[in-house]
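The values are calculated or read from the model by the stated rules, or taken from the named source; none is laboratory data. These numbers were taken from a predicted model, which means no experiment stands behind them. Quick reminder, even Gly has a Cβ in these numbers, built from the backbone with ideal geometry, and neighbours come from all protein chains shown. Ligands, DNA and RNA are excluded from the accessible area calculation, which covers all protein heavy atoms including side chains. Shrake-Rupley method; radii C 1.70, N 1.55, O 1.52, S 1.80 Å.
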Amino acid sequence: MRPHTSPAQTPRIVTSDACIVVENTNSVFYRRAVTRSGILPSRLTYRLLPEPADLDAVRSLLAAYRRMLVILEEIRREHGLRANVVALIEHGYQRARDETGLPARLVTLGIRDFAQRPAGFDPEGVTSMPLDDKLFSVKGAAEIALTTLCGRRTMPYRVEGYDGPWRDLSSARLTVAGDTLTIQVGVSVTAPKEETRMPENILTRVGRIIGGLSNAAIDAVEDRNPLAVAEQALREIDAVIHEARLDLGKIKAEEHRLTARRSQLDGELSALPEKLSLALAGGREDLARAGISRQLDLESQIEAIDSSLAEVAERHGAATKAMQAAQAARRDAEHRIALLRQPPTKAADPLDGYGREEVTRTRQLEQSLRAIDRVTGTASAVADPSVEELDRLHRDDAIERRLAALKQGRPS
């Protein structure tokens, strides 16, 4: 009987050239080294839940993979090859890449997979493809990202369970059966030795601030000193905004570094075809072979950088949302402080005057930026007023559009 795995306990698979590790959100299952060609004790099955567009993308990927198998079969017959992976890569890698558009990693894995198949098999009957950790990744307890011909596709999934053992040469395998998509992964699971506590990140901290400090804490101590509590909440929110800005700066720096490295590798890769042609024209086949080897390495590195850039983009979006949420909480706290400092003589609308503290907020945000400059060692400069103005214009436009919708009787 397969054990049930709840979403909160869904494991994350980490692969390497020597072993595969299973992690979950509460603890780490320590690695047990196994060779990639060895037998892993368990096989974990993910059932993907794709949208129609995701399903079409995977079917297109499978069609291109089948086309590659046809090309490799032609090359095997033409050159009298059997299971010689090195010769198949030498004769078929570039042609498969050019004619199918498959990712470099999938072509390499596919050639190894093809070498294990018997001669004369029907490529149209193939329904599965080998994968590794560069071609797919588990995004937490809800989604899996899969590389296709049209980029990375993110799909929800559920865990079907464990069985085994895993005897495949690849780390994982994607299977297409009608409208059903599954990814099976070889894993080695051992009992956890210790539990690790996840540190509080910026998103959870913003949620705690919004839910606990800027609203509930102020309301709960009205009979004590509400102004002092409100000001303390404001200082806590300022600290969160400062931390969020630091995170955004680090993410942008990482993105710049990865982009610069990708441009460098791309330039080297673009220059190789001309060098290879010169080497072949000069009868230096040994140099051409070394150049092709370098070409394969560069393509693999570029694909890895592309995956890292996609992850950085996701982190940038999350950090931006955290910043926006913290700034919204600050506006709310500022308004409450203004009401507490100038108590109304009669009952008034609590929304009256909301947002008038914008000038003070902008000045304090500029102070945070100057603090960041001191920490990072860059030249001290205040925030660009045009950027701040652009943010205000964007927010004012959103307010006006919602107001117009309300006037027309439409939901805002």
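Go through Ala318, Ala313, Ala322, Ala290 for me and flag whichever is of a type in the set (Gly, Ala, Ser) and over 30 Å from Leu234 (Cα atoms). Break it down stepwise before answering.
Working: Ala318 fails: over 30 Å from Leu234 (Cα atoms); Ala313 fails: over 30 Å from Leu234 (Cα atoms); Ala322 fails: over 30 Å from Leu234 (Cα atoms).
One residue alone meets the criteria, Ala290.
Just give me the residues in the range 99-108 being in contact with a Leu (Cβ under 8 Å, 6 or more places away or on another chain) and open to solvent by 60 Å² or more (accessible area, probe 1.4 Å), in sequence order. Break it down into steps so the answer makes sense when it comes.
Residues of the range 99-108 that are in contact with a Leu (Cβ under 8 Å, 6 or more places away or on another chain), as a first pass: 101-106, 108.
Selection gives Arg105 alone.
Condition check: part of a helix (DSSP H, G or I), open to solvent by 80 Å² or more (accessible area, probe 1.4 Å), at pLDDT 60 or above and of a type in the set (D, E, K, R). Does Arg245 satisfy that? So Arg245 fails the test.
Scanning the range 128-138 for residues that are open to solvent by 10 Å² or more (accessible area, probe 1.4 Å) and touching a residue at least 60 places away in the same chain (Cβ under 8 Å) yields Asp133, Lys134, Ser137, Val138.
Looking only at residues of the range 253-293 that are among the basic types (Lys, Arg) and free of Cβ contacts under 8 Å to residues at least 24 places away in the same chain, we find that the one that is nearest to Gly151 (Cα to Cα) is Arg257. Candidates in the range 102-117 are the residues that are in a helix (DSSP H, G or I) and touching a residue at least 60 places away in the same chain (Cβ under 8 Å); of these, the one that is nearest to Val86 (Cα to Cα) is Thr108.
What residue, among those in the range 153-182 that are part of a strand (DSSP E or B), of a type outside the set (Lys, Arg) and open to solvent by 50 Å² or more (accessible area, probe 1.4 Å), is modelled with the lowest pLDDT? Walk me through it before giving the result.
Going residue by residue through the range 153-182, those that are part of a strand (DSSP E or B) are 153-163, 166, 172-177, 180-182.
Still in the running and of a type outside the set (Lys, Arg): 154-157, 159-163, 166, 172, 174-177, 180-182.
Checking the rest, the ones that are also open to solvent by 50 Å² or more (accessible area, probe 1.4 Å) come to 154, 156, 160, 162, 177.
Numbers: Thr154: 92, Pro156: 92, Glu160: 86, Tyr162: 83, Ala177: 92.
The residue in question is Tyr162.
Quick check, is Ala216 open to solvent by 30 Å² or more (accessible area, probe 1.4 Å) and modelled with pLDDT of 90 or more? No. Residues in the range 275-289 that are assigned to a helix (DSSP H, G or I) and open to solvent by less than 60 Å² (accessible area, probe 1.4 Å): Leu276, Ala279, Ala288.
Restricting attention to the range 64-98, the residues being in a helix (DSSP H, G or I), open to solvent by 60 Å² or more (accessible area, probe 1.4 Å) and small (Gly, Ala, Ser) number 0. Among the conditions (1) at pLDDT 90 or above; (2) under 28 Å from Gln301 (Cα atoms); (3) charged (D, E, K, R), Lys139 misses just one, which is (1).
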